[in-house]
Amino acid sequence: MHDSPAPSRLQKRSLSLYGHRTSIALESEFWQVLDHMAERENLALAAFIARLDRHRPPEQALASLLRLTALRFALHAPAESKK
């Protein structure tokens, strides 16, 4: 049997989207990837998330969109772009 890694705690961050304050709770590993992605795009995290949010289907939760975006990046980005 494989040992499961310890579950990560949710980390809540507050930011402004479209002039409104909102809070998003994600595991710290997802925040790390999203921070890296925003930095690579030379965007503040809030601006990066707002750009993603503009294309989000109304039935999809923002936290879900962010987790899937981070996961896709981690799975598909070349190793050197993850540094």
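The amide H of E27, built 1.01 Å from its N in the peptide plane, has Q11 as neighbours under 5 Å, considering only residues 5 or more places off or on other chains. Just to be sure I follow the definition: excluding the sites themselves, where is the longest run in the chain that has none of the GluC sites (Glu not before Pro) in a DSSP loop with at most 11 other Cβ atoms within 10 Å? Result, exposed sites excluded: 1-40. The structure-derived value of P(r) over Cα pairs in 5 Å bins from 0, in percent appears in the list (1) 3, 14, 24, 23, 17, 10, 5, 3, 1, 1, 0, 0; (2) 3, 12, 22, 21, 13, 8, 6, 6, 4, 3, 2, 1, 1, 0, 0; (3) 3, 13, 23, 26, 19, 9, 5, 2, 1, 0 under the label (3). If R0 is taken as 30 Å, the Cβ-Cβ distance between A50 and A74 corresponds to a FRET efficiency of 0.90. The residue list H20, L65, W31 was ranked by how far each Cα lies along the charge dipole of the chain toward its positive end, using unit charges on Cβ atoms, and H20 comes out on top.
Taking only DSSP H segments of four or more residues, each worth -39500 (n - 2.57), what value at 222 nm results for the chain once the sum is divided by all its residues, to the nearest 500 deg cm²/dmol?
Estimated from H runs of four or more residues: -14000 deg cm²/dmol.
For the stretch 48-78, the set of trypsin sites (Lys or Arg not before Pro) satisfying both a DSSP loop assignment and a count of at most 10 other C-beta atoms within 10 Å is given as R54. Couplings 3J(HN,Hα) of the stretch 67-74, computed from phi: 4, 5, 4, 5, 5, 4, 4, 4 Hz, in residue order, whole Hz [Karplus 6.51 cos²θ - 1.76 cosθ + 1.60, θ = phi - 60°; x for Gly and Pro]. For the chain, the longest principal axis of the alpha carbon atoms and the long axis of helix 28-40 meet at an angle near 60°. Loop-only chymotrypsin sites (Phe, Trp or Tyr not before Pro) in the stretch 4-73, please: DSSP not H, G, I, E or B, and at most 11 other Cβ atoms within 10 Å. Passing both the DSSP loop test and the Cβ count: Y18.
Since every read-out is calculated from the coordinates, none of them should be taken as a lab result. Keep in mind that this is a model prediction, so the values were computed, not measured. Neighbour counts run over all protein chains shown; Cβ positions are idealised from the backbone, glycine included.
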